[in-house]
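*Asks:* Take a look at the following structure, please.
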Amino acid sequence: MDLDHAPEPARPPQIGVIVLQADETLEPDFRRLLPAPIEVLASRVPSGEHVLPETLAAMEGTLSEAAGRLPAGARFAAVGYGCTSATAQIGAERVHDRIRAGLKAPGLPVSDPVTACLAAARALGISRIGLVSPYVASVSDRLSAVFAAGGINVAAFGSFNVSEEARVVRISGPSIREAGIRIGAAQDCDAVFLSCTNLRTLDEITPIEAAIGKPVLASNQVLAWHLAALGGVAGQARIPGALGRVQPTTLNSGP
């Protein structure tokens with residue numbers, strides 16, 4: 001028996017995200033930052049047990065395949081790559097190219113935490129940041145260099161010096177808050193950036209801002225903000241901190 005069906009109703013906005021295999025934080029954060037009716041659809045990319053320049057660079061070879069595992073029938077407003085340090089290691093343009101190739105969507109808006117942080121800094125008039133990183137020096141130094149190339153000077157720096165990805169998500173909220181306040185207290189920084197999509201930062205952003213009187217940016221926060229802006233759903237996002245008051249309607253997706 002053939003069944004009748006009504007015409008398809010209008011689809012809600014759909015945001016795609018490619019998440020590291022080891023990441024436990026990005027998807028829960030995105031569902032807080034991009035609530036219904038926005039649909040967040042995720043794919044996973046293999047990631048190393050240890051966060052080192054070589055393991056980060058290796059993800060480039062599997063990015064297109066991971067993007068290709070996103071639902072083929074979805075109509076994405078924008079797609080993001082959920083790794084700050086790997087974007088710095090691979091290069092944002094190469095990351096975006098690999099994702100668009102995997103989705104066979106050459107014009108699709110794509111972002112990542114580095115591109116998003118640079119866009120957020122421009123929107124807030126920030127040129128000097130205090131950087132809080134979970135990672136070892138070889139990874140953090142590369143990120144600092146990429147920010148400098150994008151016009152953002154790292155004026156203060158602190159790291160938890162963790163190399164195992166599984167330990168990053170176990171860094172406590174009070175530890176993150178203390179680190180953000182200590183680094184943000186430096187007089188020569190305009191804001192703090194809490195780096196890493198696996199770091200549980202969302203509940204610490206507003207308390208740190210209150211303590212230091214400066215904007216606080218974090219990987220998942222800026223990525224959700226930028227994807228919402230690129231996808232035309234900025235008004236539906238719930239972005240904590242000073243960045244939540246900046247809701248651009250159009251942004252260039254380039255770094």
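*Asks:* What does the C-alpha gyration tensor say about the overall shape of the range 38-166? Classify as rounded when a/c is under 1.5, otherwise prolate if a/b is larger than b/c, or oblate.
*Replies:* Verdict is oblate for the range 38-166.
*Asks:* Sticking with this structure for a sec: How big is the range 133-255 in terms of Cα radius of gyration and Dmax, in angstroms?
*Replies:* Rg then Dmax for the range 133-255, in Å: 14.4, 38.
*Asks:* Further, regarding this structure: Take peptides 18-26, 114-122, 206-214 and line them up by average Cβ neighbours within 10 Å, highest first, as a rough protection proxy.
*Replies:* In decreasing order of mean packing, 18-26, 114-122, 206-214 become 114-122, 18-26, 206-214.
*Asks:* Now for a different question. I want to verify a result. In a Gaussian network model of the chain, Cα cutoff 10 Å, which of these has the top mean-square fluctuation: A86, A148, A191?
*Replies:* Result: A148 has the largest fluctuation of those listed.
*Asks:* How much length, in nm to one decimal, is gained on full extension between R75 and A145, taken as 0.36 nm per residue of separation minus their Cα-Cα distance?
*Replies:* 21.7 nm
*Asks:* Still on this structure, please answer the following. Using +1 at the Cβ of each Lys and Arg and -1 at the Cβ of each Asp and Glu in the chain, identify which of L3, G232, A42 lies farthest towards the dipole's positive end.
*Replies:* Result: G232.
*Asks:* Once every Cα of the chain carries one equal point scatterer and solvent is ignored, give the base-10 log of I(q)/I(0) from the Debye formula at q = 0.07 Å⁻¹, two decimals.
*Replies:* -0.22
*Asks:* Another question about this same structure. What net charge is computed for the residues neighbouring A74, neighbours being all others with C-beta under 15 Å from the C-beta of A74, Lys and Arg scored +1, Asp and Glu -1?
*Replies:* Here the count lands on +3.
*Asks:* Sticking with this structure for a sec: Between G82, G231, G73, find the one with the highest GNM mean-square fluctuation for the chain; connect C-alpha pairs within less than 10 Å.
*Replies:* Fluctuation is largest for G73.
*Asks:* Please report the antiparallel percentage of DSSP beta bridges with both residues in the chain, rounded to the nearest 5.
*Replies:* Here the share of antiparallel DSSP bridges comes out near 5 percent.
*Asks:* Now, a different point. Going out from 0 in 10 Å bins, what whole percent of all Cα-Cα distances in the range 201-248 drops into each bin?
*Replies:* Binned Cα distances yield the sequence 30, 53, 17, 1.
*Asks:* Taking the chain as a Gaussian network, Cα atoms linked when under 10 Å apart, which of S47, S144, S172 shows the biggest mean-square fluctuation?
*Replies:* Sorting by GNM fluctuation, first place goes to S172.
*Asks:* Still on this structure: Grab the DSSP H runs of the chain that are 4 residues or longer, score each as -39,500 (n - 2.57), total them, divide by all residues and round the 222 nm result to the nearest 500 deg cm²/dmol.
*Replies:* Helices in the chain give a 222 nm mean residue ellipticity of -12000 deg cm²/dmol.
Every read-out reported here was derived from the displayed coordinates using simple, explicitly stated rules and does not represent laboratory data. These numbers were taken from a predicted model, which means no experiment stands behind them. Glycine gets a Cβ as well: all are built from the backbone with ideal geometry, and neighbour counts include every protein chain shown.
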